[in-house]
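The values are calculated or read from the model by the stated rules, or taken from the named source; none is laboratory data. Everything quoted here is computed from the prediction, not taken from an experiment. No Cβ is skipped: glycine too gets one built from the backbone with ideal geometry, and neighbour counts run over all protein chains shown.
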Amino acid sequence: MPRDGRIVRARLQEAALDLFVERGYDETSAASIAERAGVTERTFFRHFADKREVFFDGDAELSDGLNWALEAVPSEVVPLEALRAAFHESVPLFEGNRPVTERRAPVILATPALRERQMSKVEGLVETLTAAFERRGVAARPAAFAARIGMDLLGIATARWFEDATRGLHAEIDEAFRELARVADSARVL
C-alpha cells in the first residue's frame, strides 16, 4: 500500500463509494472500507473521523475556492454579481468532480445521515460566503441574505446541469441568476 497520504485517502474514498453503492451506507462499516482499500481500520481513522467524512472530503477545497474567487472580484461589484463571478471560477472544480458526484447522489438521497451532512455542508458554505462579504464591507444581514440566495441559485444550477449537461454549468449559473432577476422584477411593489 502506498504511503502517500493523498493516494491512501483517494483509495479509501473510492472503496467507500463502491461499498456504499453496493451495500448501502448503513450496511458499510469503516472496517469494511479499510479492508476494501487494502489498509487497516486504524489507517482509515487517521484520515477520516468517520464514514460520513470519507464522503464529503472535498468541502474545504470548494469553500477555499469560492472564498478565493470571491476575494478576486473587485470590491465595487454588488454581492450577487460577485457571487455569480465566483461561481463561474469554480466551474472546473464541479466539472472535475462530476463523475463522483453522480455516483454519490443516489446514496445521499437514500441516507438521512448523509442528507443531513449535505445540508450542513451548504450551511458552512453560506457562513463562509457571508464572512467573505463582510470582509468586502457588506453589512451582516445583506451579506447573509446574498450568501443564502447565492447558494440556492448554485444548487438550482448544478441540479439542472446534472439532469442535462448539454447546456453546461456556466449557462445554468447564468440562467439561474437571470431567473432571480425576473422574479425580483415581477415582485416589485411601489
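Annotations for the structure displayed:
Residues are listed down the side, and each one gets a yes or a no for (1) assigned by TED's automatic domain parsing to the domain that holds residue 100; (2) charged (D, E, K, R); (3) modelled with pLDDT of 95 or more:
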site	(1), (2), (3)
10	no, no, no
14	no, yes, no
21	no, no, no
26	no, yes, no
33	no, no, yes
48	no, no, no
64	yes, yes, no
68	yes, no, no
72	yes, no, no
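- Near pairs, Cβ below 9 angstrom, 6+ apart or cross-chain, from segment 134-158 (over 20 Å from residue 176 (Cβ atoms)) to any residue that is of a type in the set (Ser, Thr, Tyr) and part of a loop (DSSP other than H, G, I, E, B): 136/75; 137/75
- Note on segment 42-60: residues that are assigned to a helix (DSSP H, G or I), without any contact (Cβ under 8 Å) to a residue 60 or more places away in the chain and under 18 Å from the mean Cα position of the chain (by Cα) total 4.
- Failed item in (1) over 23 Å from residue 74 (Cβ atoms); (2) surrounded by fewer than 12 Cβ atoms within 10 Å (Cβ to Cβ), with residue 140 passing the rest: (1)
- Of all residues in segment 39-71 being among the aliphatic types (A, V, I, L, M) and surrounded by fewer than 17 Cβ atoms within 10 Å (Cβ to Cβ), the one that is nearest to residue 133 (Cα to Cα): 60
- In segment 158-165, the count of residues that are of a type outside the set (Gly, Ala, Ser), touching a helix residue (DSSP H, G or I) at 6+ places or on another chain (Cβ under 6 Å), within 18 Å of residue 101 (Cβ to Cβ) and assigned by TED's automatic domain parsing to the domain that holds residue 102 is one or more.
- Within segment 87-190, helices (runs of 4 or more DSSP H) holding 1 or more residues that are under 18 Å from residue 64 (Cα atoms) and of a type outside the set (Ser, Thr, Tyr): 112-135, 140-163
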